[in-house]
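What follows is one structure encoded as structure tokens, with my remarks underneath.
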């Protein structure tokens, strides 16, 4: 609508900064680490695009707006590469304790926001036409931040050998749930034809539940190994 | 992020500033386009005799308002044609910032009084200069929806008396629309010209030899004229039935002329120009001023055709009016023709009556009412045949038209009556006899090829038709004088209308407040996260351990 509206949308992305500032990352000077994590995000996305373009038949013209279950499963199976990307970040970027995970999640989420929402916000929210979609997308980015932090935690837990054996399947299930969220969550929202606002609320709820479970497991392990 | 200054300085040490130099302009020029886009037609703009007509400006970038809510020059009125009244139009003309009119879906289907209203409004718009930009859009569901939206929110606002708080809430949640039309200001077309085409049937040479005392030039001349309308309220082509009548008259009389036995003792001249009433019959004016036109001696009469077929059906009686500038005396050619026309119409066509109308020429008025006045002023006996009675009838300039079948039928009848009357007049035969029957019958085939003609210059259709049957065919052009142009056209380009949905500025303020509330919640949540984490971590080992121990126990029990 106006530059002011654009400002409003960007203000909604402030939780990213809060996370950086108040989680102690700023004290470690972890800025470059976040940028590196972002670079790994870009690298992962490029690889994913290459795979998608090479091996998957994309039929975007025929089913525009329709929710195609099979296509979504295929696409989500490629999203497993995201997990590899996270694993790469966790193994490559040095860090201590909690900050390592937050660096990975925050760097990843920030890169995603800038690359996938940046142009849309700049071009759309500044334009004359008003639409709620920009505010919605920014709120959704907040949910995604939580989700990416959760994913980083889960991956870290998954790679640990000293994790309680009984918890291993739970972590794997949570990971699978996170990766295939595109199928089951979006599919459910589509079938129930839930409005955009309630969809964000449901996504936030799902992210909070998964996040809480991961936090619970993580807290236990962290206390065990003493970080 | 002041404490990260070192990190940021690292970024700017590299090549980033140069990249920014490239990307920033690109970002700034990235203009969004998510709006609904409509094709609109700009209102016509032209000058005649130094007077300006039509919409004089073209660009709009204003807030859209309905017919009932606009109040300043910063509002652009968005309305249906049927909702606008003449007084509305006058008010908009003086105060509003612009007008966008959606045409009705189907003009034919409207009731008669509504049609009259549409025609009257159209004529009203054409008769004056409108300083604000005016655009016309075809019927469109999306645009209809937008018009409904702005109309109904307005009505809600007005009717219910609300408290200040709810008013404020309403003003925050209200949907606004911003309209832009990227119309370039149309420049005067320096090449404006009005083509005029003339032609005549030369009498057959053979019978002339038998009449020793006749010379070619002294044969009496019957001149038939018509004008082609090349524009109406928008830059489109109205129905040109008069030209079709003229062309079919040429065709049917060429058959009579080609045979020696039936060649009349008259010369018949034809004149067709691209200038109708809106252009003050500039074409015939120019033609009369020329020296080398068809020798205008011994003129029997000049027959002008004007709106011989009404393009929109109306429940008016089917009358053919013969307009003259002074009442014809007995035994003059015009009164003779009038009598013949009356009796022919009575015999050959059902329910068509002929009436004479007399209107004096107002010499003080620069604008003439009828084409025959141009000839009458030069003392040629002239009259106009028309289906409309009043010179100010909106049918003469309307853009709206009926279905083809009805028009064709009416036009054929008109051609039939005129042709029979002319034949009776020239051969001095009884009105009961039918000349154009059998082989020479007048049918759709005579009319249809010329009904869609748009201009004399278009595809040379008219020129070819003239040259096929007539002699002395000549096209002359009337060009406006460079200093004092009699008429001027403007280049009109159909523009695009963009309608953006916008929110009032106060809405953004509210949004800012809501967002800051949300952010402070997030801030607090992050501040209290360590406490939360502490609670979780103390509970976690025990509870998870307990949970799994319990579940394993449960499994064992099973």
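The values are calculated or read from the model by the stated rules, or taken from the named source; none is laboratory data. What you see is a predicted model, and the numbers here were worked out from it, not measured in a lab. FYI the Cβ positions are ideal-geometry reconstructions off the backbone, even for glycines, and counts take in every protein chain you see.
Quick check on residue B:504: is it under 26 Å from residue B:367 (Cβ atoms), touching a strand residue (DSSP E or B) at 6+ places or on another chain (Cβ under 8 Å) and at pLDDT below 85?
Considered against the rule, which asks whether it is under 26 Å from residue B:367 (Cβ atoms), touching a strand residue (DSSP E or B) at 6+ places or on another chain (Cβ under 8 Å) and at pLDDT below 85, residue B:504 comes out as no.
One residue is enough: does the stretch A:42-58 have a residue meeting the conditions within 14 Å of chain B (Cβ to nearest Cβ), at pLDDT below 80 and either surrounded by fewer than 16 Cβ atoms within 10 Å (Cβ to Cβ) or assigned to a loop (DSSP other than H, G, I, E, B) (or both)?
no
Please state which one of B:206, B:256, B:239, B:246 is out of contact with any strand residue (DSSP E or B) (no Cβ under 8 Å at 6 or more places or on another chain), modelled with pLDDT of 70 or more and assigned to a helix (DSSP H, G or I).
Only one candidate qualifies: B:256.
Does residue B:385 satisfy the criteria of being assigned by TED's automatic domain parsing to the domain that holds residue B:263, under 30 Å from the mean Cα position of the chain (by Cα), surrounded by 15 or more Cβ atoms within 10 Å (Cβ to Cβ) and in contact (Cβ under 8 Å) with a residue 12 or more places away in the chain?
yes
Failed condition for residue A:133, given (1) within 11 Å of chain B (Cβ to nearest Cβ); (2) within 12 Å of the chain's Cα centre (by Cα), with all others met?
(2)
Among A:106, A:145, A:121, which is the only one that is buried (at least 21 other Cβ atoms within 10 Å of the Cβ), modelled with pLDDT of 85 or more and within 11 Å of another protein chain (Cβ to nearest Cβ)?
Exactly one residue qualifies, and that residue is A:145.
Would you confirm whether any residue within the stretch B:457-470 is under 24 Å from the mean Cα position of the chain (by Cα), over 25 Å from residue B:123 (Cα atoms) and crowded, with 19+ Cβ neighbours inside 10 Å?
Yes.
Between A:99, A:116, which is touching a helix residue (DSSP H, G or I) at 6+ places or on another chain (Cβ under 7 Å), more than 11 Å from chain B (Cβ to nearest Cβ) and either closer than 28 Å to residue A:212 by Cβ or in contact (Cβ under 8 Å) with a residue 12 or more places away in the chain (or both)?
Among A:99, A:116, only A:99 is touching a helix residue (DSSP H, G or I) at 6+ places or on another chain (Cβ under 7 Å), more than 11 Å from chain B (Cβ to nearest Cβ) and either closer than 28 Å to residue A:212 by Cβ or in contact (Cβ under 8 Å) with a residue 12 or more places away in the chain (or both).
Could you go through the stretch B:415-431 and let me know if any residue there is buried (at least 21 other Cβ atoms within 10 Å of the Cβ) and not in a helix (DSSP H, G or I).
No; the residues of the stretch B:415-431 include none that is buried (at least 21 other Cβ atoms within 10 Å of the Cβ) and not in a helix (DSSP H, G or I).
Please work out if residue B:505 is free of Cβ contacts under 8 Å to residues at least 40 places away in the same chain and within 14 Å of chain A (Cβ to nearest Cβ). Lay out the reasoning, then the answer.
Numbers: free of Cβ contacts under 8 Å to residues at least 40 places away in the same chain: yes; within 14 Å of chain A (Cβ to nearest Cβ): yes.
Judged against the criteria, residue B:505 is a match.
Just to verify a result, which residue in the stretch A:26-41, among those that are more than 19 Å from the chain's Cα centre (by Cα), in a helix (DSSP H, G or I) and more than 7 Å from chain B (Cβ to nearest Cβ), is farthest from residue B:525 (Cα to Cα)?
The qualifying residue farthest from residue B:525 (Cα to Cα) is A:28.
Could you check the stretch A:189-227 and list, in sequence order, the residues that are in a loop (DSSP other than H, G, I, E, B) and within 11 Å of another protein chain (Cβ to nearest Cβ)?
The answer is A:227, and nothing else.
Among what's in the stretch B:333-360 and is outside any helix (DSSP H, G or I) and at pLDDT 85 or above, pick the residue that is nearest to residue B:414 (Cα to Cα). Steps first, answer last, please.
Going through the stretch B:333-360, the residues outside any helix (DSSP H, G or I) turn out to be B:349-360.
Subset that is at pLDDT 85 or above: B:354-360.
Values: B:354: 11, B:355: 14, B:356: 16, B:357: 18, B:358: 21, B:359: 23, B:360: 26 Å.
My answer is B:354.
Please name all residue pairs, on different chains or six or more residues apart, with Cβ atoms under 8 Å, provided the first residue is in the stretch A:212-225 and is surrounded by fewer than 19 Cβ atoms within 10 Å (Cβ to Cβ) and the second residue is at pLDDT 85 or above and in a helix (DSSP H, G or I).
Pairs that qualify, where the first residue is surrounded by fewer than 19 Cβ atoms within 10 Å (Cβ to Cβ) and the partner is at pLDDT 85 or above and in a helix (DSSP H, G or I), are A:213/A:170; A:213/A:174.
How about the stretch B:432-443: which of its residues are under 24 Å from residue B:307 (Cβ atoms) and exposed (fewer than 15 other Cβ atoms within 10 Å of the Cβ)? Before the answer, list the steps.
If we filter the stretch B:432-443 for residues that are under 24 Å from residue B:307 (Cβ atoms), which is where we start, we get B:436, B:442-443.
Scanning the stretch B:432-443 gives a single hit, B:443.
Checking the conditions here, which among B:498, B:531 is farther than 30 Å from residue B:48 by Cβ and out of contact with any strand residue (DSSP E or B) (no Cβ under 6 Å at 6 or more places or on another chain)?
On the way: B:498 fails: out of contact with any strand residue (DSSP E or B) (no Cβ under 6 Å at 6 or more places or on another chain).
After applying the criteria, what remains is B:531.
Please verify whether residue A:163 is in contact (Cβ under 8 Å) with a residue 12 or more places away in the chain and either within 17 Å of the chain's Cα centre (by Cα) or not in a loop (DSSP other than H, G, I, E, B) (or both), treating the condition exactly as stated.
no
Any idea which of B:475, B:506 is exposed (fewer than 15 other Cβ atoms within 10 Å of the Cβ) and touching a helix residue (DSSP H, G or I) at 6+ places or on another chain (Cβ under 7 Å)?
Answer to the check: B:506.
Of all residues in the stretch B:300-329, count the ones that are more than 20 Å from residue B:221 (Cβ to Cβ), part of a loop (DSSP other than H, G, I, E, B) and touching a residue at least 24 places away in the same chain (Cβ under 8 Å).
13
Within the stretch B:487-503, count every residue that is touching a helix residue (DSSP H, G or I) at 6+ places or on another chain (Cβ under 8 Å) and either farther than 30 Å from residue A:3 by Cβ or in a helix (DSSP H, G or I) (or both).
Total satisfying the criteria: 1.
Exactly one condition in (1) modelled with pLDDT under 85; (2) under 25 Å from residue A:130 (Cβ atoms); (3) outside any helix (DSSP H, G or I) is false for residue B:484; which is it?
Failed condition: (2).
If the requirement is being within 14 Å of another protein chain (Cβ to nearest Cβ) and either on the phi < 0 side of the Ramachandran plot or at pLDDT 90 or above (or both), which of these qualifies: A:175, A:185, A:139, A:154?
The unique qualifying residue is A:139.
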